[in-house]
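S.K.: Right, I'll just put the structure down here and ask away after.
The values are calculated or read from the model by the stated rules, or taken from the named source; none is laboratory data. Just so we're clear, the structure is a prediction, and the values are computed from it rather than from any experiment. Ideal geometry is used to build each Cβ from the backbone, glycine not excepted, and the neighbour counts take in all protein chains shown. Heads up: the accessible areas ignore ligands, DNA and RNA and are worked out on the full protein's heavy atoms, side chains in. Shrake-Rupley method; radii C 1.70, N 1.55, O 1.52, S 1.80 Å.
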Amino acid sequence: MQSIIELKNVNKWFGEFQVLKDINLQVSQKEKIVICGPSGSGKSTLIRCINRLEEHQKGDIIVDGITLDANTKNIEKIRSEVGMVFQQFNLFPHLTILDNCTLAPIWVKKKTKKEAEEIATKYLEKVQIIDQAKKFPGQLSGGQQQRAAIARALCMEPNIMLFDEPTSALDPEMIKEVLDVMVDLANGGMTMCVVTHEMGFAKEVADRVIFMDEGKIVEEKPTQQFFNNPENERTKLFLSQILN
Amino acid sequence: MNLVNWTRKNLFSNWHDTLLTFIILFLFYISIPPLLSWMFFDATFFGTSKKDCSGTGACWVFIQVWLKRFTYGMYPNDQIWRIDLAFIIFFFVIGAYFFVNTKIKKILFIFLTIIFPFLAIFLFHGGLFGLEEVETRVWGGLFLTLFISVFSIIFCFPIGVLLAMGRRSKLPVIRYFSIGFIELWRGVPLITVLFMAAVMFPVFLPSGTNLDKLVRVIIAITLFESAYIAEVIRGGLQAIPKGQYDAANSLGMGYWKSHILIILPQALKIVIPGVANTFIALFKDTPLILVVGLMELLGMVNMAKTNPAWLGLATEGYVFAAIVYFIFCFAMSRYSLRLEKQLKTSN
């Protein structure tokens, strides 16, 4: 299969501190990968580099055939093809849920208001919060907000979806409603990179699991093998802690 | 809770509260009755000259006779309808703003910010389409106060927004220019700036060109106040979480789109109290234009009180001016509160 995301020897520093060390990673079309690892291992930074919310200093990142560099045009093109879901939802609090969803399609993809609203309705129905469309984010529960954020990203009709710990800020009883939406999305054939600690989700949908520690990819395996035969000691320790 | 209980609880709950209550009642007793008799009971309201005043109370005849000058300055009497017309349109549009739907609101907003300023200047100044020209040096009174305030506010706000964004820019040239500009204007008193505008500024212009003094004053006040507005707005920009920028960027919005659609609407909402504060201060600073020879409301009062036929009536003039300033400042304050409530979306 053709790879849609390609990272070659990617290095990144925050000042003196090196967060990413020689990262090599390929993601194929329609593939679902889960990235896990202890906090501070650089997994969030890694996926934030894919749509250049963070800038890498060394190496190449190629998304959908476009190499990411300082060229703003390329960055904006990539960003309109790569959707992102954040830990803190980051909905726009001054706009209704519907307006949150239609804003970027109208202003970035130049859709008419009517078209944008049709698309928004479709995805808000998909994540089952169409009845909340006229409300403001502050009036919704965490789970509803995160589903709205997923719908907002989908409204740009991206080829790739990045999830940065989408359930970490949620109350336990709301995690499932968000994961259900993500599973549904995965079954629909979306290319997904998910940073998460939800190993149940990884077992269910991931094609591959990547384990990171101290800025390096320590282990990278198809899901079955990753959980059944982890090789690295650090991975074994992490799995034993997180699965119990 | 009935009145007796309320009084007992709030005014007489212990001995020192009781003492304070009596002291305050006593202060009211010695100050309010004389004030009321001066302002109303012993005052003279109607007449044609100072001789009509009784002498013990306030002589409101002074205000009544001079009202036209306090309002319009030395603007020719037969042309005053032009000012009235412009202000009737202005207040009518602002009034209508509260009662119409969003679509008409947009049209009104565009009219008020883009078309109306030119219409107003045309009406006030004339010289075109057969309208008699009225030079700015005869403009004055409350009319001039409002003219300077409204135009300075309209111009200083967008400049302030750009400066605030500039000060947070990643591009060093823009950032240092903004910092320099803001610190320069904040570091000098307004009165100095006005002197410079009147005296120094013409020196820098090529000889023969003459920029109207009023225009120079408005430019000076605009630049001065834009530095203050910039700092207020920067406070708002800093309060917006980084996640909002991330979300806007991740949806493919660039710098301008993310600022105009996402960041500024939220930041400006936060800084409404600070912006209102600055605008009220600007309004109250307009009397300073006296130093360059322009006379708005307070300037006209100062002039009238030195008229030989009306000597000794400074108090009446100042009380009147204070009341007028208060009405406008209070209205701005209430409007900003209303706006804050209207724009509140999250709980």
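S.K.: Among A:Lys58, A:Lys12, A:Lys30, A:Lys21, which is the only one that is open to solvent by less than 40 Å² (accessible area, probe 1.4 Å), away from chain B (no Cβ under 14 Å) and charged (D, E, K, R)?
M.R.: Exactly one residue qualifies, and that residue is A:Lys12.
S.K.: Could you list all residues from region A:69-92 that are facing chain B (nearest Cβ under 7 Å), open to solvent by less than 40 Å² (accessible area, probe 1.4 Å) and more than 11 Å from B:Ser250 (Cβ to Cβ)?
M.R.: A:Phe92
S.K.: Separate question: I'm checking my understanding of the structure. Among residues of region B:239-269 that are free of Cβ contacts under 8 Å to residues at least 12 places away in the same chain and more than 21 Å from A:Ile106 (Cβ to Cβ), which one is nearest to the other protein chains (Cβ to nearest Cβ)? Quick ask: steps written out before the conclusion?
M.R.: Taking region B:239-269 and keeping what is free of Cβ contacts under 8 Å to residues at least 12 places away in the same chain, we get B:241-243, B:246, B:249-257, B:260, B:265.
Subsequent filtering for residues that are more than 21 Å from A:Ile106 (Cβ to Cβ) retains B:241-243.
Numbers: B:Pro241: 8, B:Lys242: 9, B:Gly243: 4 Å.
The selected residue is B:Gly243.
S.K.: I would also like to ask the following. If we keep just the residues of region A:126-140 that are assigned to a helix (DSSP H, G or I) and away from chain B (no Cβ under 13 Å), which is most open to solvent (accessible area, probe 1.4 Å)? Explain how you work it out, then say what you get.
M.R.: Our first condition is that a residue be assigned to a helix (DSSP H, G or I); within region A:126-140, this holds for A:126, A:130-132, A:137-139.
With away from chain B (no Cβ under 13 Å) added as a condition, the list becomes A:126, A:130-132.
Values: A:Lys126: 86, A:Ile130: 65, A:Asp131: 115, A:Gln132: 22 Å².
Of everything passing the filter in region A:126-140, A:Asp131 is most open to solvent (accessible area, probe 1.4 Å).
S.K.: Under 7 Å between Cβ atoms, at least 6 apart or on separate chains: pull out the pairs that start in region B:26-39 with a residue that is exposed (fewer than 10 other Cβ atoms within 10 Å of the Cβ) and end on any residue that is part of a helix (DSSP H, G or I).
M.R.: Pairs that qualify, where the first residue is exposed (fewer than 10 other Cβ atoms within 10 Å of the Cβ) and the partner is part of a helix (DSSP H, G or I): there are none.
S.K.: What are the residue pairs meeting all of these: first residue in region A:197-213, first residue surrounded by fewer than 21 Cβ atoms within 10 Å (Cβ to Cβ), second residue in a strand (DSSP E or B) and of a type in the set (A, V, I, L, M), Cβ atoms under 7 Å, and 6 or more apart or on different chains?
M.R.: Listed pairs, sorted by first residue: A:Asp207/A:Ile33; A:Arg208/A:Ile33.
S.K.: Within region A:141-160, can one find any residue that is open to solvent by 10 Å² or more (accessible area, probe 1.4 Å), within 12 Å of chain B (Cβ to nearest Cβ) and at pLDDT below 90?
M.R.: no
S.K.: Please indicate, with yes or no, whether at least one residue in region B:165-181 is open to solvent by 50 Å² or more (accessible area, probe 1.4 Å), within 22 Å of the chain's Cα centre (by Cα) and over 22 Å from B:Ile272 (Cα atoms).
M.R.: No, region B:165-181 contains no residue that is open to solvent by 50 Å² or more (accessible area, probe 1.4 Å), within 22 Å of the chain's Cα centre (by Cα) and over 22 Å from B:Ile272 (Cα atoms).
S.K.: Can you tell me how many residues within region A:12-33 are in contact with a Cys (Cβ under 8 Å, 6 or more places away or on another chain) and β-branched (Val, Ile, Thr)?
M.R.: Total meeting the criteria: 2.
S.K.: Can I ask one more? Quick one: how many residues across region B:301-329 are buried (at least 16 other Cβ atoms within 10 Å of the Cβ) and not aliphatic (A, V, I, L, M)?
M.R.: Number of matching residues: 9.
S.K.: Shifting gears a bit: Just checking, does region A:115-125 include any residue being within 13 Å of chain B (Cβ to nearest Cβ), assigned to a loop (DSSP other than H, G, I, E, B), small (Gly, Ala, Ser) and surrounded by fewer than 23 Cβ atoms within 10 Å (Cβ to Cβ)?
M.R.: No, region A:115-125 contains no residue that is within 13 Å of chain B (Cβ to nearest Cβ), assigned to a loop (DSSP other than H, G, I, E, B), small (Gly, Ala, Ser) and surrounded by fewer than 23 Cβ atoms within 10 Å (Cβ to Cβ).
S.K.: Could you tell me whether region B:270-286 includes any residue that is open to solvent by 40 Å² or more (accessible area, probe 1.4 Å), out of contact with any Ser or Thr (no Cβ under 8 Å at 6 or more places or on another chain), within 14 Å of chain A (Cβ to nearest Cβ) and over 20 Å from B:Ser152 (Cβ atoms)?
M.R.: Yes - at least one qualifying residue is present in region B:270-286.
S.K.: Within region B:56-74, which residues are in a loop (DSSP other than H, G, I, E, B) and crowded, with 22+ Cβ neighbours inside 10 Å? It would help to see each step written out before you state the result.
M.R.: At the first step, the residues of region B:56-74 found to be in a loop (DSSP other than H, G, I, E, B) are B:56-58, B:60, B:74.
Scanning region B:56-74 gives a single hit, B:Ala58.
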